[in-house]
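Right, one structure below, let's go through it.
The values are calculated or read from the model by the stated rules, or taken from the named source; none is laboratory data. Here the structure is a predicted model, which is why all the values come from computation and not from measurement. So basically every Cβ, Gly included, is an ideal-geometry build from the backbone, and we count neighbours across all protein chains shown.
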Amino acid sequence: MDRIIELNTTIIAAASAVGKKEHEGPLGSYFDLHDEKDKYGAHSWEKCESTMQRAAMNIAIKKSGIRENDIEAIFDGDLLNQCTGSSYGMLGYEIPYIGLYGACSTAAEGIMLASIMTTHGVFRYAAAVTSSHFCSAERQYRTPVEYGSQRTPTAQWTVTGAGAFIIGPGGGVRVTGALPGIVREKGVRDPSNMGAAMAPAAAETILRYINLRGGKIDDVELIVTGDLGHEGCEILRDLLGKDRADICDKLADCGVMIYDTARQDVHSGGSGCGCSAVVLASYFLPKLEARELKKIVFVGTGALMSPLSLQQGEGIPAIAHLVELQCAE
């Protein structure tokens, strides 16, 4: 049965670590940590992801006021093959690790699963962590940056960043509901146009959510997608406009917000697991904590492609997971 999963838990702390380009963008002052060389002292782009994850995790734990060994599970994933950035990143933590692959939807997926587990008492505290890196993503999915290939206007810039969220009982932003996404594939085969691949999945999840709430979302101030970019947002607005044009005024997108496209050469905006994770952790959650916002829905979007499927000419499946967030009581 299709239903919104009712949840009752909180995000008690969150943290972000980003690269140089992200720090230079419109949201640069909100992030907890940045590195001017995009390396964080590591010897490869992939190892940098692991280092960023540990940095974000450590800051989030410190903010939460709980001990590391109070956390009973880590839900973690990234864009790399076999989620190696996450598995290497979580080495050293004596905490059970549950690997995820939701592509750019991983932040929403991790928060959703950690919230389900803490709401129902499986774990008292759990963490959701994710990351991406521009150079590691280009090397895996397209061409290494050293190749210097020309990027198309619809291409998005993979965010160099990591986000970590500590979830469990206590004060903080409340997680009150979740709606898992359904995999959709609409024939888009261009890895440089992920916004077009993800927009139909986002539209379906948003419309499912509205329908399940009886068509009433007056109490929702923002529908935050992550991360469709400019191209995907235009397609999403077209798709939603056929059914509920009034909700378009509530839309915001992490991939659009994180960069200044007039000043930074990012084409259609930001993408990657780290994109929605760092924008949610450092921009939207503080606004909910301060009661500047009272209720938003966070719709993490992901293109579930692999290098092999792209080489074989397959279409790009996409997913959109929704999490309902409310201000602290």
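Out of LEU325, LEU280, LEU304, LEU240, I need the residue that is aliphatic (A, V, I, L, M), surrounded by fewer than 23 Cβ atoms within 10 Å (Cβ to Cβ) and within 22 Å of ILE5 (Cβ to Cβ). Which one? Selected residue: LEU304, the only one of LEU325, LEU280, LEU304, LEU240 that is aliphatic (A, V, I, L, M), surrounded by fewer than 23 Cβ atoms within 10 Å (Cβ to Cβ) and within 22 Å of ILE5 (Cβ to Cβ).
If I filter the range 124-131 for residues that are at pLDDT below 95, assigned to a strand (DSSP E or B) and within 14 Å of the chain's Cα centre (by Cα), do I get at least one hit? No, that holds for no residue. Comparison of ASP227, ASP219, ASP260 shows that the only residue that is touching a residue at least 12 places away in the same chain (Cβ under 8 Å), surrounded by fewer than 16 Cβ atoms within 10 Å (Cβ to Cβ) and either touching a strand residue (DSSP E or B) at 6+ places or on another chain (Cβ under 7 Å) or hydroxyl-bearing (Ser, Thr, Tyr) (or both) is ASP219. Do we have GLY229 as assigned by TED's automatic domain parsing to the domain that holds GLY302 and touching a Ser or Thr at 6+ places or on another chain (Cβ under 6 Å) here? Judged against the criteria, GLY229 is a match. Selection of the range 243-257 for residues being in contact (Cβ under 8 Å) with a residue 60 or more places away in the chain and buried (at least 23 other Cβ atoms within 10 Å of the Cβ) yields only GLY255.
One line per residue, one yes/no per condition, for (1) in a loop (DSSP other than H, G, I, E, B); (2) outside the structural domain of CYS48 (by TED's automatic domain parsing); (3) out of contact with any Lys or Arg (no Cβ under 9 Å at 6 or more places or on another chain):
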site: THR225; (1), (2), (3): no, yes, yes
site: CYS233; (1), (2), (3): no, yes, yes
site: CYS248; (1), (2), (3): no, yes, no
site: SER268; (1), (2), (3): yes, yes, yes
site: SER282; (1), (2), (3): no, yes, yes
site: PRO286; (1), (2), (3): no, yes, yes
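Look through the range 1-38, keep the residues that are among the charged types (D, E, K, R) and either at positive phi or surrounded by fewer than 19 Cβ atoms within 10 Å (Cβ to Cβ) (or both), and return whichever of them is modelled with the lowest pLDDT. Looking at residues that are among the charged types (D, E, K, R) and either at positive phi or surrounded by fewer than 19 Cβ atoms within 10 Å (Cβ to Cβ) (or both), I get ASP2.
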